[in-house]
Structure formats: C-alpha cells, structure tokens
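The values are calculated or read from the model by the stated rules, or taken from the named source; none is laboratory data. From a predicted model like this one, the values you see are computed outputs, not experimental measurements. Using ideal geometry, Cβ is built from the backbone for each residue, glycine included, and neighbour counts are taken over all protein chains shown. Surface areas here come from the heavy atoms of the whole protein model, side chains and all, with no ligands, DNA or RNA. Shrake-Rupley method; radii C 1.70, N 1.55, O 1.52, S 1.80 Å.
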Amino acid sequence: MCLAIPGQVVEMSDPGHHLARVDIGGMRRQVNVMLVDPEGLEIGDWVLVHVGFALNKVDEEEAHETLRLLREMGEAYDRDLAELAASAVRDEVAA
Amino acid sequence: MKYIDEYRDPDLVRALAERIRDLRYDKPLKIMEICGGHTHAIYQHGLHQLLPDNIELVHGPGCPVCVIPIGRLDDALSMARAPDVIFTTFGDMMRVPGSKGSLLNARADGADIRFVYSPSDALKIARENPDQRVVFFAIGFETTAPSTAVTLLQAQQEGVSNFFMFCNHVLVIPALKALLAAPDLQLDGFLGPGHVSAIIGMQPYEFIARDHGKSVVLSGFEPVDVLQSVYLIVKQKTEGRSAVENQYSRAIKYEGNLTALKLMDQTMEVRPFFEWRGLGSIPESALKLRSDFSQFDAELRFDVPGLKVEDPKICQCGEVLRGALKPHQCRAFATACTPEAPIGTCMVSSEGACAAYYKYGRTLLTDTMKKWAQ
C-alpha cells in the first residue's frame, strides 16, 4: 500500500483536472499530478505513482548520482582487491 | 524497468554486502525497518541473509492495514451493511477479520462492497451512482493521506453530496515516539520509510538521532537501496555517531512535498488519540476530517458502534508490530493463522511481516546466493 512505482509521463491528458497519462511498466493510466506542481511537469518526466496520484517527481540527477557513487565504491573495492592480488609483496604465512 | 532494474544490479548488491562486512562492526546491531514495504523487499530478495550475523533486521509497525484495530473494522462493516451504501476499499482490507467476519464475508451476504485502486475511483463511483451513498475506507500513512485530501477537495468543488470518507489515516512519527518510549526497546537504528518521507521530508526524524542517539537512514525499496541504507547505518555506528541520512534522494527532498502537506492540512486535522492495533492508544497519531468537510465525514454521517474490541487471545500481531516478536515466533503463525484463513492483520496485508515470512521465509540461503551470484 505504501508502495509507489516509477512511471513516465506520456501525455498531459486533462490539465484542467490535473490528469496526466503515465506509463507504469507498460501499463498506461490516468494519474492525478496535482501534488507535483503540474505546471513544471513535462512529457518524459518520471514520477512515483501511489494509488493513482503522483507523489513526487523522480529526480534523475539524484538517481544517477546514487548509482555513480555506488559503482565507484564497487570499482574502488575491485581495484583494491586487484592491487592486493598483484602486489609483489606477499604477507602470507608459509604453509 | 527504469529506476527499478538498476537498483537490482547483482554486482552492486554483492559489492554492498561485502562493504558492510568490510566495516567489521562486530557488536550486535538491531535495525528496525519501519515500513512493511521494506520488510517485503528484504524477504523477497533474501537481503537479511547477505548481512553479517551480528546485524539483525527487526520489523516495525509501518503496515497501514496491520495497525487498524478491530473496532474500526467493525465500524466499516456497519457502514457497509447500511442500506443504499456502496462501500469502497483498497483490496488489502477485504480479508481483514472484524469481530463478526470480514468485508469479504459482508459482500457474500449481499452488501455492495467494491475494491478500488484509488480514492478518485471511489469518487467516480459516487458521481455515477447519485442515489447511493458511497463510502471510501481511507487508510494509510502520510504516503496515502494526500490522495484523500485531493479527493475531498474535488468532491467539495464538484458538490458531490453522496460521497463519504471514513478517515483512518495514521502518522508515522507519533508511532515511532511510542516505540522509543518503550522501556524494553533495544534498537540501534531505523530504516526510514521512503515514501512517507517523500511527503514529510527529513526534519521530523531529527529528534531520533539527537535525543535518542539512534541512526535513521531514509531508504528506497530496491535491494541496492536497502543494502546501501544498512551500510550507512553500520558506518555511522563504526564512527560512533547518529544522524538522519537520505539514501533515497531521488524521491525525498529535505522539506518533503510542501504541496501535499498543505492540502493535508487544509482538509484534515490531528485527532487527540487514536487506537492502534498492538500499540494501543497513541496521542495525536492520526488524522480526521476538518469541520469544513464534515458533510463528507462518514464517522459523523453514519451510526457506527465506535467500540474498542480486543484482538483474539491467540493473535500476537501486537508484539510483531512492535518488533518484540518475529512472525514465526507467534503461537498462531502458519498453523491457526495463514494468508488463506488469517486471524491477525499482519498475515493479511501484502505488507504485513507475517505474510512476508509465510511467503518468503522458507527461502534457503543457497537460493539467495544463487540469485545474486551473476
């Protein structure tokens, strides 16, 4: 119930009633966009849809930033491991 | 699907699980996920099995269906059984047992009960059936209350006189205050509810870090979101600090959604008290319609019992909702109480912790590891 699913605005279908047509995972539905500043909403924008209402716009820059930081974290970790493996100095206890 | 698939990337999930281990935090750590949506994500993806043994996830009260007490359900049933009524509800409420059966039972007995996806669908039914009284069973935390607000304003604007709201919206912060006041509470941090926070913002949580010394990370709902949030909490603990952080910045702004908050305030006000299943009566923890909207207020327009009804003796939803008991430790779990024949709300709702355990609880560690292997 508290779940909200990302959907993409495909048409401002009835601005007078704050309605937009939103593609949610291939399904299209009229969504009330009154809560997300309908004036500033554009076709192609992503919104979080909950019980037929857009709760918020998905901030694309923030979404990319989160993933970028995470990937960097993953890469740094992989690099660490690679460097460790490649290191000439081994700190192993002889068997 | 965009904004979902990227946050299920197995490479990122594995990297995060390793990173959490790398922090080498070795004291016991209890983290409560407040929201039932998180509980389901954790069990569906086996995320709890990717964590070190000393990190325990405890399930919280954030399931809107679960916290509705039997008395309120009995009120709903009496509205649904009144003459010339079409009673509308989210599907999740249909199977919740009241003291004399569920809405599903009442429908079988001939009451006109329809499940809707949105409060605006209920308003549409009211417009199309001017000779019937159409009631909407409004439940949910701050995520859902704004949709009730917009629907009320629409009904008022259009002068739809046969539309009524049975308002049961609850507030997350008073529930957390009640949990934090419990003397036996042993929690180190919270995964904050992402979609409630998209509405209320970050500021309302600050007292938890400041006054109670517990970490709060507002979290999205995909595996990468949840693990990154756990990572941030463990990192805070290794650094010996407690703060409110926002992992779900693609959806949550510091100030929340000001339009939604304004519309909620315009249409609804805080009740002095509200009875929660499992948590008891909590002051200022729920909303009711403002007097300007009394013509739409089902509680005023219908004669309802309005009684407090105790849970069945065998049911331990209360302890589950407080995080005091894991679902499988309940004496009725998967024996007397199943999703097909539920006794308590936690087994009914798709967000209930018991439903999550029942559905995914038997997932083996090997299956989880396979899922995230490549």
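Assuming charge only on the beta carbon of Lys and Arg (+1) and of Asp and Glu (-1), the dipole of the range A:5-84 about its Cα centre is about 500 debye to the nearest 20.
Please report the base-10 log of the normalised intensity I(q)/I(0) for the range B:19-68, using a Debye sum with one equal scatterer per alpha carbon and no solvent, at each q in 0.16, 0.22, 0.28, 0.29 (1/Å). For the range B:19-68, the Cα-only Debye profile gives -0.51, -0.82, -1.08, -1.11.
Against chain B, whose longest principal axis is taken from its Cα atoms, helix B:10-22 shows a tilt of about 60°. For the range B:320-334, 3J(HN,Hα) computed residue by residue from phi via the Karplus equation (6.51, -1.76, 1.60; θ = phi - 60°) reads 5, 5, 8, x, 7, 9, 7, x, 6, 8, 5, 5, 9, 4, 6 Hz, glycine and proline entered as x. What the phi angles of the range B:353-369 give under the Karplus curve with 6.51, -1.76 and 1.60, with θ = phi - 60°, is a coupling list of 5, 5, 4, 5, 5, 5, 6, 10, x, 8, 5, 7, 4, 4, 5, 4, 5 Hz, glycine and proline written as x. Decide, for the range B:313-354, between rounded, prolate and oblate: order the square roots of the alpha carbon gyration tensor eigenvalues as a ≥ b ≥ c, take rounded if a/c falls under 1.5, and otherwise choose prolate if a/b is larger than b/c, else oblate. Cα axes put the range B:313-354 in the oblate bin. Per-residue 3J(HN,Hα) values for the range B:339-351, derived from phi via the Karplus relation 6.51 cos²θ - 1.76 cosθ + 1.60 with θ = phi - 60°, read x, 6, 10, x, 9, x, 5, 5, 8, 7, 5, 5, 9 Hz in sequence order (x marks Gly and Pro).
Summed over both chains, the contact between A and B buries some 3800 Å² of accessible surface at a probe radius of 1.4 Å. Entry note, chain B: the mean residue ellipticity at 222 nm calculated from DSSP H runs of n ≥ 4, each adding -39500 (n - 2.57), is -11000 deg cm²/dmol after division by the residues and rounding to the nearest 500. Over all pairs of different C-alpha atoms, the range A:5-84 has a mean inverse distance whose reciprocal, the Kirkwood radius, equals 14.1 Å. Summarised as an ellipsoid, the range B:273-374 has semi-axes of 35, 18, 13 Å, derived from the eigenvalues of the Cα gyration tensor scaled by 5 and square-rooted, with the largest first.
For the range A:5-84, the antiparallel share of DSSP beta bridges with both residues in that region comes to about 95%.
Amide hydrogen proximity for A:Val58: with H placed 1.01 Å from N in the peptide plane, the residues at 5 or more positions away or on another chain lying under 5 Å are A:Trp46, A:Val47, A:Leu48.
Longer than 27 Å from Cα to Cα, which of B:Lys177/B:Lys308; B:Lys100/B:Lys288; B:Lys124/B:Lys288; B:Lys262/B:Lys288 are they? Say none if no pair is. Table pairs above 27 Å Cα-Cα: there are none. When the pairs B:Lys27/B:Lys214; B:Lys326/B:Lys359; B:Lys2/B:Lys326; A:Lys57/B:Lys235; B:Lys214/B:Lys253 are compared against a 25 Å limit on Cα-Cα distance, B:Lys2/B:Lys326; A:Lys57/B:Lys235 fall above it.
Calculation over all alpha carbon pairs of the range B:1-125 in 5 angstrom steps from 0 returns a P(r) of 2, 9, 14, 15, 13, 10, 9, 9, 9, 7, 4, 1, 0 percent. For B:Leu176, the shell of other residues with beta-carbons less than 14 Å away shows a net charge of -1, using +1 for Lys and Arg and -1 for Asp and Glu.
In chain B, the longest principal axis of the Cα atoms and the axis of helix B:258-267 are about 30 degrees apart.
At 1.4 Å probe size, put B:Tyr248, B:Tyr25 in order of accessible surface, largest to smallest.
Correct descending sequence by accessible area is B:Tyr25, B:Tyr248.
Each Lys and Arg contributes +1 and each Asp and Glu -1, all at the Cβ; summed about the Cα centre of chain B, the dipole is approximately 620 debye.
Once you treat every alpha carbon in the protein assembly as shown as an equal point and sum by Debye, what is log10 I(q)/I(0) at q = 0.08 Å⁻¹? Evaluating at q = 0.08 Å⁻¹ gives log10 I(q)/I(0) of -0.48. Using Cβ point charges alone (K and R +1, D and E -1), the dipole size of the protein assembly as shown about the Cα centre works out to roughly 1260 debye.
Roughly how many Å² of B:Val309 are accessible to a 1.4 Å probe, to the nearest 10? Approximately 50 Å² for this residue. So how tilted is helix B:223-238 from the main axis of chain B? Cα-based, degrees 0 to 90, rounded to 10. That works out to roughly 60 degrees. Solvent-free Debye calculation, one equal scatterer per alpha-carbon of chain B: log10 I(q)/I(0) at 0.07, 0.12, 0.13 Å⁻¹ equals -0.31, -0.91, -1.06.
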